[in-house]
Each structure stands twice: as C-alpha cells, then as structure tokens.
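Notes follow once the structure below has been shown.
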Amino acid sequence: VCMEYNELRRGLEEGAIDLAIGVNVHPRLSRNYRSTRIYDDRFAAVCSKLHALASSEQGVTIQDLEGQKLLLPDAYVYAGLAELIEGLIDERGLLASQAYYRDIDMLYLKIQTEGYIAFSAGMTNRLFNDRVAVLPIVDVDTSFSVSAFYSDDLTGETCAACQEGFEWCREEMEKNASQLPLQ
C-alpha cells in the first residue's frame, strides 16, 4: 500500500502495518523500529537542461542556489523529507522563492516547464536524467538511506523472509548500479 509519509509513520505506531519502506530521515523511525538498509542514495539539484545552472555538471553549492526558484517537497506528504531538505537550505536564507510539490511527476514537470530547481534522489534522477540536468551538491552532505522498518510484531519466518528479500534487493542494486545511467 502506498501511503503518505505521516500515514506510514502513524500506521507503524498504531500497529496498522507491520513493515514500511521509506527514506531514513525521520528520527522516530530510526529510533523506534528495527530496520534493514536497502540502499544508500544522495540528493542532487535538478533543473531544466535550458536553465542557466545546467552547465554546472561538476556540481553546485547551496550558495549557487540563492535567488533561484526552488521546488520543495510538501511537508504533509513528505514530512521527513521536507524537514531534511529545509534543514539543508533554511539556515542559508534560500526559502524566499519557493513552491511545493506533492508528487514526483509534478516535480519533473515544473522543473522542465517553469524554471524551478528541486532536490531529487539519485535513483529517481536515473529515470529522468535524459530530460533534466542533474547537478551534484558539493558543499553539504545530502546522503540518506532507504530502509525497511519493522514493528516489533513482525517476527519469525515472515520477518526472516522480508529481511532476506531486502538483502537480495540491496545486493542486486549495488551490483547493477554501475550499469545504470548516472550523470
């Protein structure tokens, strides 16, 4: 079942779901649940290939984003992600010109048609890199993990099968990472 981030976290807390897959950015998930890391990733800035910063293939700094139209994750839909991104840019005064997205398709549409710059993950960028410029952020750590989080009720053979499946996914993703287009 696909859920908004807050629903997912609440579902685990209330026992409505036994296992959740999510970005490991919210401290309550990391502290309160057992987890299996599936893969590591990092955010980059993404913009239209026609944007003035598109030629900065070696990377950009947070300061390079000053004065740009930023597209940020909606805090309700992507609570933990929104906190992480705003933590990267808030203290640097970059929140003056911004809009919010509620789904990934809208993110890429606004980037391509309205001149926004957004923060997007490496795995997602691999899907869209033929349509956007992917600019590594070179002055701050933008790394994160995608993990499976387990409630205490998930045990035994079911838990072992899930962990085995996620370990297989992690190994396959690492093995095939070099074959995916990066940019």
| note | For the range 1-70, listing GluC sites (Glu not before Pro) in a DSSP loop whose Cβ sees at most 16 other Cβ atoms within 10 Å gives E4, E57, E66
| Whether the chain is rounded, prolate or oblate, judged on the alpha carbon gyration tensor where a/c under 1.5 counts as rounded | prolate
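Return the inverse of the average 1/r over all pairs of distinct C-alpha atoms in the range 11-51, which is the Kirkwood hydrodynamic radius, in Å to one decimal. Present the calculation step by step, with values, prior to reporting the outcome.
Details: mean 1/r = 0.0772 Å⁻¹.
Computed over Cα pairs of the range 11-51, the Kirkwood hydrodynamic radius comes out at 13.0 Å.
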| request: Please report, in debye to the nearest 20, how large the charge dipole of the chain is about its Cα centre when each Lys and Arg carries +1 at its beta carbon and each Asp and Glu carries -1 there. | output: 420 debye
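Pull out the extension gain between N176 and M3, defined as 0.36 nm times the separation in residues minus the alpha carbon to alpha carbon distance; nm, one decimal. Don't skip to the answer; put the middle values down first.
Numbers: separation 173, 0.36 × 173 = 62.28 nm, distance 2.78 nm.
Taking N176 through M3 to full extension adds about 59.5 nm, to one decimal.
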| query | Counting only protein heavy atoms and using a 1.4 Å probe, what share of the accessible area of the chain belongs to carbon plus sulfur, as a whole percent? | reply | 49 percent
| note | Most fluctuating of A20, A52, A118 in the GNM of the chain (C-alpha, under 10 Å) is A52
| message | Quick check: residue separation of D139 and T155 times 0.36 nm, minus the Cα distance between them. What number comes out in nm? | response | 1.6 nm
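Can you tell me the dipole magnitude for the range 29-92 around its Cα centre, using point charges on the Cβ only (Lys, Arg +1; Asp, Glu -1), in Debye to the nearest 20? Please report the intermediate quantities before stating the final value.
On the way: 7 positive and 10 negative charges, 58 e Å.
Roughly 280 debye for the range 29-92.
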| Selection from F43, S145, Y78, by position along the positive dipole direction of the chain (Cβ) | F43
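May I ask what percent, to the nearest 5, of DSSP beta bridges between residues of the chain are antiparallel?
Values: 22 of 29 bridges.
Approximately 75 percent, going by the DSSP bridge assignments.
So, for the chain, what is the accessible surface per residue at a probe of 1.4 Å, expressed in square angstrom?
Numbers: 9730 Å² over 183 residues.
Solvent-accessible surface per residue comes out at 53 Å².
The values are calculated or read from the model by the stated rules, or taken from the named source; none is laboratory data. Since we're looking at a predicted model, the values are computed, not measured. Don't worry about glycine lacking a Cβ; one is built from the backbone with ideal geometry, like all the others, and counts go over all protein chains shown. Just so you know, the surface numbers come from the protein's heavy atoms only, side chains and all, with ligands and any DNA or RNA stripped out. Shrake-Rupley method; radii C 1.70, N 1.55, O 1.52, S 1.80 Å.
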